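Trainee: Encoded as structure tokens, here's the structure I'll be asking about.
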Amino acid sequence: MEKKWLLRNTSKDISSLAKNSGVSEVTAKILINRGFSSPINIKKFMRASINDLYDPLLMKDMDKGTALIKLAIENNQKIVVYGDYDADGVTSTVIMYKALKHCGANVKYHVPDREHEGYGINSDRIRLLNEEGCKVVLTCDNGIAAIEQVKLAKELGMIVIITDHHELQFEEDEPGTRIFKVPIADAVINPKQKECNYPFKQLCGAGIAFKFVQALYKKLGIDEDMAHEFIEIAGIGTICDVVDLVDENRIIAKNALEMLTNTKNIGLRYLKEILSINEKEIKCYHVGFQIGPCINATGRLESAATSVELLLCEEEGRAKDLAKILFDLNQKRQEMTTQNVEEVIELIEQSTFKNDKVLVIYKDTIHESIAGIVAGRVREAFNVPTIILTKGKENPKGSARSITEYNLFEELIKCEELLEKFGGHPMAAGLSIKEENIEKLRTKLNSICTLSDDDIIPKVRIDQRMPLSKINYELVYELELLEPFGKGNPSPLLAEKNISILKIDILGKNANTLKIKCLMPGVNKWIDGICFNRVDEFMEMLQDRFGEGYMNYISNPNGIKLDLIFSPQINEYNGRKSIQLKILEFKLS
């Protein structure tokens, strides 16, 4: 799919901002592109200090919620931590349960079964927990949409404290005023509430669980610094839930990565070992694409309680066994995902709706646990909002993934009458629907869709044009200070035009890696560029330009010039370090 390259520009005084912030002009320009415009904010961003975390009691109902838990501990009331089955829900549950245990609470945890209970609070489970003597329900990473379930719990005489970060559901009256729906819980802790004055609104479930523990420890007279041990676990949830890595999320994620590199958590140590990353400095990539998927796999294919047990485990042999279970389940999940993505893309290509601006796909053979991953991959392939539905216990259910230009949650609200249940964010959602309403949903979403043809062209936003001769170790180390990279703080993208190519190699067991030797003009040097999984695309580009003789340019690229978008990085091989370009995009000059 052809992409539009856009160079970010600014009218701000880069030189002055760089000087007053103590960073280079390159870093200042990148941070301006990320929305930072004052030295104070840039300095705070760069230091990512735990000391800059906000007071958790600024969050609406935090004082009330922690007071209720304190009272429950003092009265030895049985508390249930009610979590969720994804990585954010698992890490939230671990934080809450372990902290409450430390406080001497009579506590258990429950992570719902994806297939039999579904997302969020389940009414039958609430009745069962009540029969077991649970008097207090403390949710994490769920509950904000559980209007009826919370009402039931209250009718049964239970105390309910919600900690959640998902969007609030709402109705619109005739003038178009939004009336938000909030469960009648004893305390509702979610910074996205209109009445909540907390300075940062984008914490994930694990981030809010960590803030809850901070406040609870303070209330119980426990050294607040002891709560900092949970930053490591909160960081996993933060990175895996793909929230913006700015402000408190950046502080949590950056400090968590440092802790994870030398983790004392037995379960994480064995998981890192089986992933062959136990000797590496842990980066966002390792959490988002290796550790996180293993944690997620248990909730997708079996029970997320296995991942909770791993993160709580203090026995070496059991931790090793659990890590192997997580690893094997993730391998199985990867195979299932690849097969389903290929089948869905083929289905779309042969369908009458392949040109829809919102794809709604129903395929009852997809395992419901991987519907979200499949939706994400299909969204990447077509760059349009995608809903993947599969057979559920009662009705079809599934997941949706969106693009920046389309607020998925709000568009689903407009179709609320067609849905049985839904919830989520602007970029991701979960839903259930009657089979007879699927076609109606597809029709309505596309009829009210305001996406233009330009909106669905993928855009690559370049931070700065960078001559290859100016790329050095100092620049690379400087850019590393901006880590961790992710949503809200993407890896800086640099670009240059008319790069002369000296050599082209096709590498890898599957011949899917492109290595390009690039001339650095004016200094009579060269620098390697590496590009993964784009060889076929590169060959097609050459064939389109040069015709049948295009293969000659692989063996002799003399005269070829490329425009490249890249990130410079350090390459270590056989004990030797060198700078190479990680090539993200390419085109012939």
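The values are calculated or read from the model by the stated rules, or taken from the named source; none is laboratory data. From a predicted model like this one, the values you see are computed outputs, not experimental measurements. In this analysis, Cβ positions are derived from the backbone assuming ideal geometry, glycine residues included, and neighbour counts consider all displayed protein chains. The accessibility values were calculated without ligands, DNA or RNA, using every heavy atom of the protein model including side chains. Shrake-Rupley method; radii C 1.70, N 1.55, O 1.52, S 1.80 Å.
Trainee: What are the pairs with Cβ atoms under 7 angstrom where one residue, in region 38-53, is buried (at least 16 other Cβ atoms within 10 Å of the Cβ) and the other, located anywhere, is of a type in the set (Lys, Arg)? Sequence gap at least six, or different chains.
Mentor: PHE45/ARG250; ALA48/ARG250; ALA48/LYS254
Trainee: When region 11-30 is examined, which residues are found to be among the hydroxyl-bearing types (Ser, Thr, Tyr), outside any loop (DSSP other than H, G, I, E, B) and in contact (Cβ under 8 Å) with a residue 40 or more places away in the chain?
Mentor: The answer is THR27, and nothing else.
Trainee: Within region 183-210, work out how many residues are of a type in the set (Val, Ile, Thr) and open to solvent by 60 Å² or more (accessible area, probe 1.4 Å).
Mentor: So the answer is 1.
Trainee: Moving on. Tell me which residues, restricted to region 231-269, are among the aliphatic types (A, V, I, L, M), in contact with an Asp or Glu (Cβ under 7 Å, 6 or more places away or on another chain) and open to solvent by 20 Å² or more (accessible area, probe 1.4 Å).
Mentor: Matches in region 231-269: MET259, ILE266.
Trainee: Is there any pair with a first residue in region 430-451 that is closer than 27 Å to SER369 by Cβ and a second that is among the aromatic types (Phe, Trp, Tyr) and outside any helix (DSSP H, G or I) whose Cβ atoms are under 7 Å apart and which are 6 or more apart or on different chains, and what are they?
Mentor: GLY430/TYR119; GLY430/PHE422; LEU431/PHE422; ILE438/TYR362; ARG442/PHE353
Trainee: Kindly provide the set of residues from region 421-473 that are of a type in the set (Lys, Arg) and farther than 25 Å from LEU168 by Cβ, ordered by number.
Mentor: If the condition is that a residue be of a type in the set (Lys, Arg) and farther than 25 Å from LEU168 by Cβ, then LYS440, ARG442, LYS459, ARG461, ARG465, LYS470 are the ones that fit.
Trainee: If we scan region 74-82, do we find a residue that is under 25 Å from the mean Cα position of the chain (by Cα) and open to solvent by less than 50 Å² (accessible area, probe 1.4 Å)?
Mentor: Yes, region 74-82 contains a residue that is under 25 Å from the mean Cα position of the chain (by Cα) and open to solvent by less than 50 Å² (accessible area, probe 1.4 Å).
Trainee: Cβ-Cβ under 6 Å, sequence separation 6+ or interchain: first residue in region 265-276 and touching a residue at least 12 places away in the same chain (Cβ under 8 Å), partner buried (at least 21 other Cβ atoms within 10 Å of the Cβ). Which pairs?
Mentor: Partner pairs satisfying both residue conditions: ILE266/ALA319; GLY267/LEU310; GLY267/LEU311; GLY267/ALA319; TYR270/ALA319; TYR270/ALA323; LEU271/ALA323; ILE274/ALA323.
Trainee: Then there is this: Looking at (1) closer than 23 Å to PHE409 by Cβ; (2) in contact (Cβ under 8 Å) with a residue 12 or more places away in the chain; (3) of a type in the set (D, E, K, R), can you tell me which one GLU171 breaks?
Mentor: Every condition holds for GLU171 apart from (2).
Trainee: Still on this structure, please answer the following. So which residues in region 542-571 are over 17 Å from LYS517 (Cα atoms) and of a type in the set (D, E, K, R)?
Mentor: If the condition is that a residue be over 17 Å from LYS517 (Cα atoms) and of a type in the set (D, E, K, R), then ASP544, ARG545, GLU548 are the ones that fit.
Trainee: It is to be established whether one or more residues within region 109-124 are open to solvent by 60 Å² or more (accessible area, probe 1.4 Å), in a strand (DSSP E or B), out of contact with any Lys or Arg (no Cβ under 6 Å at 6 or more places or on another chain) and not polar (S, T, N, Q).
Mentor: yes
Trainee: For region 125-138, check the following and say yes or no: at least one residue is open to solvent by 10 Å² or more (accessible area, probe 1.4 Å), part of a loop (DSSP other than H, G, I, E, B) and closer than 20 Å to MET96 by Cβ.
Mentor: yes
Trainee: On to the next question. Taking the options ASP88, ASP63, name whichever one is in a helix (DSSP H, G or I), closer than 16 Å to LYS211 by Cα, among the acidic types (Asp, Glu) and open to solvent by 20 Å² or more (accessible area, probe 1.4 Å).
Mentor: ASP63
Trainee: Also, quick follow-up: Looking only at residues in region 559-589 that are polar (S, T, N, Q) and in contact (Cβ under 8 Å) with a residue 40 or more places away in the chain, which one is nearest to ARG465 (Cα to Cα)?
Mentor: Filtering first and then ranking leaves SER567.
Trainee: I'd like the full set of residues that are under 15 Å from ILE501 (Cα atoms) and in contact with a Ser or Thr (Cβ under 6 Å, 6 or more places away or on another chain), limited to region 524-561.
Mentor: Answer for region 524-561, where residues must be under 15 Å from ILE501 (Cα atoms) and in contact with a Ser or Thr (Cβ under 6 Å, 6 or more places away or on another chain): just LYS561.
Trainee: Looking only at residues that are under 22 Å from GLU132 (Cα atoms) and touching a Gly at 6+ places or on another chain (Cβ under 9 Å) in region 143-179, which one is surrounded by the fewest Cβ atoms within 10 Å (Cβ to Cβ)?
Mentor: Checked region 143-179; the qualifying residue surrounded by the fewest Cβ atoms within 10 Å (Cβ to Cβ) is GLN149.
Trainee: Which of the strands (runs of 3 or more DSSP E) contained wholly in region 364-452 include at least 1 residues that are of a type in the set (Phe, Trp, Tyr) and crowded, with 19+ Cβ neighbours inside 10 Å?
Mentor: Fully inside region 364-452 and qualifying: 419-424.
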